[in-house]
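Each remark here refers to the structure printed beneath this line.
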Ligand SMILES: C[S@@+](CC[C@H](N)C(=O)[O-])C[C@H]1O[C@@H](n2cnc3c(N)ncnc32)[C@H](O)[C@@H]1O
């Protein structure tokens, strides 16, 4: 009987590139979406050409590069060395200058340098409560006086109805399982993703490290305001979408965008 080899691989070894580069860049209209998000961020953070912005959990640098193309001094920060390499290649290809840093967002160590910081595509809530707070503390320290942090989050009252999806990529098929909200813990649990590499006859599964990367602690607007104020932010505003014009935040909003001023 014909049998495919099954292997388990970690986030940085395999999944980062597959999900954040190959899968993301295959989504129809994603460049247009990114541009709308970047325009929203620049206006909401009151940024002008030459201002410094930090893109926390920048992935493969799609937004960092767009910020730089808009005349900002952009820096991107991510855990994955593979994604940082892709981000550097993208900046080179687009002929813009971006500083990319590899590191853990619980240990951001910039001192009062940036006028704006962003955490996009719901890249907040990956850890336990105390560690999530460390992320906000690091972002606060990285901002200059009056600087602003923007978090682009799913609306906890409108969590999308995730579907089981198959996506055809160049050499195989990606199976995404629906996420599931564990209500008592407030954690949106990621399900292991599977990649079937037809050309190499391999089924690639997530190892423990990659699976753990999938869980997200969901916060309500009130909780996030409390967290931000506890690390020192003086003003916190909520909006209902990540595109202009800014929309008020409501239970029915598409997103929950949080803007905190130092
Ligand atoms: C949902 S992706 C978002 C990427 C990008 N901001 C975007 O909008 O496409 C989450 C990112 O967080 C990064 N990440 C996960 N854990 C991290 C950590 N502890 N420190 C820094 N980055 C982390 C992942 O490598 C991944 O690139």
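The values are calculated or read from the model by the stated rules, or taken from the named source; none is laboratory data. This one's a predicted model, so the numbers in the text were calculated from it and none came from an experiment. Positions of Cβ are backbone-derived with ideal geometry, glycine not excepted, and every protein chain shown enters the neighbour counts.
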Margin query: Can you confirm whether residue 176 is in contact with a helix residue (DSSP H, G or I) (Cβ under 9 Å, 6 or more places away or on another chain), over 30 Å from residue 261 (Cβ atoms) and surrounded by 14 or more Cβ atoms within 10 Å (Cβ to Cβ)?
Written below: yes
Within segment 32-67, residues away from the ligand (no atom under 15 Å from the Cβ) and surrounded by 19 or more Cβ atoms within 10 Å (Cβ to Cβ) come out as 42, 44, 45, 47, 51, 52
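Just to check your reading of the model, which residue among 19, 79, 45, 66 is within 25 Å of residue 238 (Cβ to Cβ), in contact (Cβ under 8 Å) with a residue 40 or more places away in the chain and outside the structural domain of residue 175 (by TED's automatic domain parsing)?
Matching residue, one of 19, 79, 45, 66: 45.
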Going through segment 226-262 in order, the residues found to be within 15 Å of residue 129 (Cβ to Cβ) and buried (at least 16 other Cβ atoms within 10 Å of the Cβ) are 227, 228, 231
Exercise for the section: Please indicate, with yes or no, whether at least one residue in segment 201-219 is within 22 Å of residue 150 (Cβ to Cβ) and in a helix (DSSP H, G or I). Expected result: no
Matching residues in segment 105-131 (assigned to a strand (DSSP E or B), in contact with a helix residue (DSSP H, G or I) (Cβ under 6 Å, 6 or more places away or on another chain) and more than 9 Å from the ligand (Cβ to nearest atom)) number 2
Taking segment 94-104 and the residues there that are under 20 Å from residue 66 (Cβ atoms) and either outside any strand (DSSP E or B) or modelled with pLDDT under 95 (or both), the one that is farthest from the ligand (Cβ to nearest atom) would be 95
Residue 163: farther than 26 Å from residue 88 by Cα and assigned to a loop (DSSP other than H, G, I, E, B), yes or no? yes
